Amino acid sequence: MSLSLDDIAGVAHEPEGRPAGVVMLTHGAGGNRESPLLIRLCDQWAARGWLAIRYNLPYRRRRPKGPPSGAAAGDRTGIAEALIMARGLADGPVIAGGHSYGGRQTSMVAAENPELLDVLTLFSYPLHPPGKPERLRTEHFGALSVPTVFTHGTSDPFGTIDELRAAATLITADVRFVEVTGARHDLSSKTFDVPALAVDAALSALPAGLPRSGDLGPTD
């Protein structure tokens, strides 16, 4: 079964020419594809020559507001379908991830299906519930085998930078960090260009030989 952007409630940010690859980003719990962070990230990726898509998770397609509902496995199925679709949208790598809950679920898909993406990019990974550092959400980290980028605020109540760095030692692949000084879970910052820093880090994490910028000339 082939899917379309409508099927995943996706919005595409298209580059000027032939894209270098595809970026698939999704939202956090309670959010949707209209997240200001996702919009800015996708604009940045498109400016770098990539096709960038922000999409709604299955629970958000079922109802417009509220926290995740139903089994999280259903959201992971939706993520896997979106990544399979991404492979057919353009030649080149697939970079995927999301904010908070969406990033966590994408990381779980990546642990089980590493062939679906080339770089994992996670924003404000919810390492543990606020105030409960003993409840780590890292059971799948040891199975992650794709390059992973964490973009994280130093004032995020869902995990400190030191906690995240310690947890990331479980990951067998290349791991990189973008620390946003003073930012909380929404990664809002008046000092740092968070999308530009995150895109730079993800591009640097691509395995050697994969394209990093698109063909901005005319397409066939």
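Percent relative contact order of the chain, based on C-alpha pairs within less than 8 angstrom and at least six residues apart?
22
Given the whole protein assembly as supplied and a 1.4 Å probe, what does the accessible area of residue 127 come to in Å², nearest 10?
Answer for residue 127: close to 0 Å² accessible.
If you roll a 1.4 Å probe over segment 84-160 with all protein chains in place, what percent of the accessible area is carbon or sulfur?
Whole-percent figure for carbon plus sulfur exposure: 53.
Helix-only estimate, please: 222 nm mean residue ellipticity of the chain, summing -39500 (n - 2.57) across DSSP H runs of length 4 or more and dividing by its residues, to the nearest 500.
That comes out to -9000 deg cm²/dmol.
Hydropathy first: keep DSSP H helices in the chain averaging at least 0.5 on Kyte-Doolittle, then drop any whose Cα extent along the axis falls short of 15 Å, and list what survives.
Span-like helices, by this rule, are 36-47, 194-205.
Taking the Cα centre of the chain as origin and charging only Cβ (+1 Lys, Arg; -1 Asp, Glu), how large is the dipole, in debye to the nearest 20?
Value, rounded to 20: 700 debye.
For residue 101, what is the net charge nearby, where nearby means another residue's Cβ is under 12 Å from its Cβ and Lys, Arg count +1, Asp, Glu -1?
Residues close to residue 101 contribute a combined charge of +3.
Provide the packing ranking of 10-16, 196-202, i.e. peptides ordered by the mean count of other C-beta atoms within 10 Å per residue, highest first.
196-202, 10-16
Using unit Cβ charges (K, R positive; D, E negative) and no other charged atoms, how large, in debye to the nearest 20, is the dipole of segment 75-153 about its Cα centre?
320
Return the label of the correct value of Rg/Rh (Cα atoms, Kirkwood Rh), as calculated from the structure shown, out of [x] 0.94; [y] 1.05; [z] 0.96.
Identified label for the calculated read-out: [x].
Antiparallel versus total DSSP beta bridges in the chain: what percent is that, nearest 5?
So the antiparallel bridges amount to about 15 percent of the total.
Can you work out the accessible area per residue across the chain, with the rest of the protein chains kept in place, probe 1.4 Å, in square angstrom?
For the chain, the solvent-accessible area averages 44 Å² per residue.
With the dipole of segment 1-145 worked out from charges on the C-beta (+1 for Lys and Arg, -1 for Asp and Glu) around the Cα centre, which of 13, 73, 42 lies farthest toward the positive end?
So the residue we want is 73.
Dipole of segment 1-60, Cα-centred, from +1 at each Lys and Arg C-beta and -1 at each Asp and Glu C-beta, to the nearest 20 debye?
180
Show 190, 132, 65 ordered by accessible area, largest first, where the area counts protein heavy atoms only and the probe is 1.4 Å.
Solvent-accessible surface, decreasing: 190, 65, 132.
The values are calculated or read from the model by the stated rules, or taken from the named source; none is laboratory data. Everything numeric in this text was worked out from a predicted model, so none of it was measured. Every residue, glycine among them, receives a Cβ derived from its backbone with ideal geometry; neighbour counts consider all protein chains shown. When the accessible area is computed, the model is the full protein with side chains, heavy atoms only, and any ligands, DNA or RNA have been set aside. Shrake-Rupley method; radii C 1.70, N 1.55, O 1.52, S 1.80 Å.
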